[in-house]
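What follows is a set of notes on a single structure, which appears directly below.
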Amino acid sequence: MSVPVLSNKTARHVFLEKHGLSERPSGSGKGADLKGIIDDLGFVQLDSVNTFARAHDLILWSRRQQFRPKALQHLLHRDRQVFEHWTHDAATIPMESFAHWRLRFSRDAVRMEERWKEWRRGDFTAKIDAVLRQISDQGCCTSGQVGTDESRGSGGWWDWHPSKTALEYLWRSGQVSVLRRDRFTKVYDLTERVIPAEHLNRRHHIEETIEWCCAGALDRLGFATSGELAAFWDHVTPAEAKAWCAAALADRRVIEIDVEGVDGKLRRSFAWPDILDETISPPVPRVRILSPFDPALRDRKRAERLFGFHYRIEIFVPAPKRKYGYYVFPVMEGDRVIGRIDMKREDGVLAVRAFWPEDGVRMGAGRRKALHTELERAAAFGGCDALEFADGWIR
């Protein structure tokens with residue numbers, strides 16, 4: 001029996017609709033509206049780089065331009081609607097997902113106990129009880145408030161002092177949680193004092209969590225290989241995702257389809273059966289400035305296959321060897337990535353240094369105006385009073 005083909009254009013429309021990038025970015029961007037976005041995405045990656053806006057704030061602003069960073073802090077600190085933990089990286093996650101993170105807690109604890117004794121300085125396991133007792137008796141703390149009598153080392157992730165490593169272990173294994181952030185510094189407290197009881201006390205069997213992870217990933221990706229399902233939350237193993245796909249296919253819960261890449265090549269994937277019946281409208285033809293960590297572009301290989309967009313972070317590339325810049329932002333128009341922009345907030349001004357159109361993208365008057373309008377919105381979001389453009393900024 002022939003396998004149905006999802007055209008590249010339809011695949012892009014499905015994928016962008018799943019990622020909240022099809023409709024205009026209207027809405028309050030706070031409270032239940034903001035929580036709904038995070039629910040739909042599954043999680044929002046956190047990142048500390050702040051040349052213009054932090055990754056998580058820009059991800060949310062790209063979908064709700066009334067969003068302001070305090071709204072996310074309210075969900076985390078005041079309302080306890082989301083919590084912070086790890087997917088492929090640090091992320092803010094809907095509180096309803098917490099019980100499924102217990103599988104992650106237990107697996108991370110085993111990995112850390114096996115590997116971190118060799119990677120980290122000193123025996124961090126000897127400090128676990130002391131750090132836990134400090135938080136229990138004295139209240140919440142930051143990593144700078146534990147192990148104050150220990151050598152600080154270089155401060156890099158590879159050279160944490162033992163008590164800081166113990167604190168990270170306690171967080172990654174679920175025994176403490178992030179209470180709030182002070183200027184992006186995590187403040188930790190005992191998990192039972194942070195997570196609401198209805199979520200804290202819930203438990204799931206491992207099979208239920210594997211089902212939740214794989215089905216939830218497919219909901220948000222639209223179509224995926226078993227490896228992409230495993231990588232979405234970075235929560236279940238590739239073997240577990242592969243077994244789930246085989247069982248779901250045998251039960252006719254999912255189907256196999258061939259997804260067409262921008263180069264015409266087909267990639268066998270799994271999808272829900274109704275994907276062929278869905279009517280997906282094209283994304284609105286709006287220019288959007290995206291975070292380099294936007295969920296739609298986080299999987300770099302998928303972004304290349306679907307959009308023909310090759311992106312690499314150049315933060316760690318020596319300046320003379322950078323092709324574009326330290327931290328450039330992808331720019332999307334409708335269902336197409338049209339380029340990348342180098343911009344930075346400097347003394348109340350959004351300084352635009354360069355924009356590189358993708359091959360085949362013509363920067364006519366209409367597209368220039370649309371990009372300029374989006375930059376004006378971005379400047380307002382970033383608290384900038386003005387825009388400044390370098391000479392010859394469109395390359």
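The values are calculated or read from the model by the stated rules, or taken from the named source; none is laboratory data. Note that the coordinates shown come from a computational prediction; the quantities given were computed from them, not determined experimentally. Neighbour counts are summed over all protein chains in view; Cβ atoms, including those assigned to glycine, are modelled from backbone coordinates with ideal geometry. Just the protein is used for accessible areas: all its heavy atoms, side chains included, with ligands, DNA and RNA removed. Shrake-Rupley method; radii C 1.70, N 1.55, O 1.52, S 1.80 Å.
The residue that is farthest from H199 (Cα to Cα), counting only those in the stretch 143-183 that are polar (S, T, N, Q) and modelled with pLDDT of 95 or more, is S173.
Under 21 Å from the mean Cα position of the chain (by Cα), buried (at least 16 other Cβ atoms within 10 Å of the Cβ) and of a type in the set (A, V, I, L, M, F, W, C), is that true of I210? Answer is yes for this residue. Within the stretch 362-388, residues that are assigned to a helix (DSSP H, G or I) sit with their Cβ atoms under 8 Å from residues that are surrounded by fewer than 12 Cβ atoms within 10 Å (Cβ to Cβ) and of a type in the set (A, V, I, L, M, F, W, C), at 6+ positions apart or across chains, in these pairs: A379/A386. Exactly one residue out of D391, D342, D359 is acidic (D, E) and crowded, with 16+ Cβ neighbours inside 10 Å, and it is D342. Evaluate the stretch 21-32: report whether one residue or more is crowded, with 20+ Cβ neighbours inside 10 Å, at pLDDT 95 or above, in contact with a Leu (Cβ under 7 Å, 6 or more places away or on another chain) and not hydroxyl-bearing (S, T, Y). The answer is no; no qualifying residue exists. Restricting attention to the stretch 255-298, which residues are open to solvent by 80 Å² or more (accessible area, probe 1.4 Å) and of a type in the set (K, R)? Hits for the stretch 255-298 are K265, R267, R268. Restricting attention to the stretch 289-314 and to residues that are touching a residue at least 60 places away in the same chain (Cβ under 8 Å) and more than 18 Å from the chain's Cα centre (by Cα), the residue that is farthest from H372 (Cα to Cα) turns out to be L306.
Remark: pairs (first residue in the stretch 38-53, in contact (Cβ under 8 Å) with a residue 60 or more places away in the chain; second residue surrounded by fewer than 23 Cβ atoms within 10 Å (Cβ to Cβ) and among the acidic types (D, E); Cβ separation under 8 Å; 6+ apart in sequence or on different chains) = Q45/D89; D47/D89.
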